[in-house]
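Some notes on the structure that comes next.
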Amino acid sequence: MKPTIAIDGPAGAGKSTVSRGVARRLGLRHVDTGAMYRVVGVLAEEAGLAPGDVAGLAALCDGLALRFADAPGGVRVHVDGRDLTEAIRSVAAGQFASRVAALPVVRERLVALQRRLAAGGGVVMEGRDIGTVVLPEATLKIYLSASVAERARRRHTELLARGEPADLEAIAGAIAERDRRDEERLHSPLRPADDALRVDTTGEPLAAVIAHVCALVAARGNP
């Protein structure tokens, strides 16, 4: 059976780049669960759904027609025929995602979907509770981390490259606040699994981190 690799960590630690790179190198599927929460957050905001609207959020999650499509520039996220890739990468979308991710009605439905996507193995799944909640029996669990300053710098560079306005200090504040919410939420808080291998990416080229994770997979007896 092909391996199931869980990669967790806070915003900006390099999860998406590392997960995508490992998946491509090993010929596995890549599932970005953070994108799922961002999609729900953006759609809930568009629909004017309040955090307490349990029925509305449940209906939104149950009707979610989400597709990940590999493309030359990276994975594109399509929902009901709409390409939401750019919309869900904004700072605001990250804040929406953090809020809806704290709601049991959203987490229960998306965790069920994530487990279906991982069934049979052959997947690299990234998020904040993959090793602890979604895939506790994963072949390999990695917890990526980096300093707030490093994560803010990466996000600042990314936004400027896309031609979007970016304030480094504001980004660092938003990242620190999101860390606090993710770590303190009652349901599936952000934390390393007890058996996760910790990898600090601060100052590390992400290509080197990808190679390191692939070596860890090989050491577990997987290709």
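Some observations on this one:
- Descending by average beta-carbon neighbour count within 10 Å, the peptides 38-44, 119-125 line up as 38-44, 119-125, the highest first.
- Whole-number Å³ per residue for the convex hull built on Cα positions in the stretch 42-149: 140 Å³
- Residues whose amide H falls under 5 Å from that of SER147, counting only those 5 or more places apart or on a different chain, are THR202, with hydrogens built in the peptide plane.
- Spatially, the stretch 188-208 and the stretch 86-139 are offset by 16 Å when compared through their Cα centroids.
- Legend: translational diffusion of the stretch 1-72 by Stokes-Einstein, Rh = Kirkwood radius over C-alpha pairs, 10 °C, 1.306 mPa s; D = 111 µm²/s.
- Mean Cβ count within 10 Å, highest first, over the residues of peptides 129-141, 18-30, 59-71: 129-141, 18-30, 59-71
- Based on the convex hull around the alpha carbon atoms, the stretch 126-191 presents an average projected area of 5.3 nm².
- Per residue, the convex hull spanned by the Cα atoms of the stretch 76-130 amounts to 110 cubic angstrom.
- Angstrom value of the Kirkwood radius, inverse mean 1/r, which spans all Cα pairs in the chain: 17.6 Å
- Sorted peptide list for 100-106, 178-184, criterion being average Cβ within 10 angstrom, highest first: 100-106, 178-184
- Counting protein heavy atoms only, the chain has 55 percent of its accessible area on carbon and sulfur, 1.4 angstrom probe.
- Note on the stretch 102-223: along the principal axes its Cα atoms extend 42, 37, 26 Å, ordered by decreasing extent.
- Where the stretch 131-223 is the region considered: accessible area per residue in Å², 1.4 Å probe: 53 Å²
The values are calculated or read from the model by the stated rules, or taken from the named source; none is laboratory data. Computed from a prediction, not measured in an experiment: that's the story for all the values here. Neighbour counts run over all protein chains shown; Cβ positions are idealised from the backbone, glycine included. Accessible surface areas use protein heavy atoms only, side chains included; no ligands, DNA or RNA. Shrake-Rupley method; radii C 1.70, N 1.55, O 1.52, S 1.80 Å.
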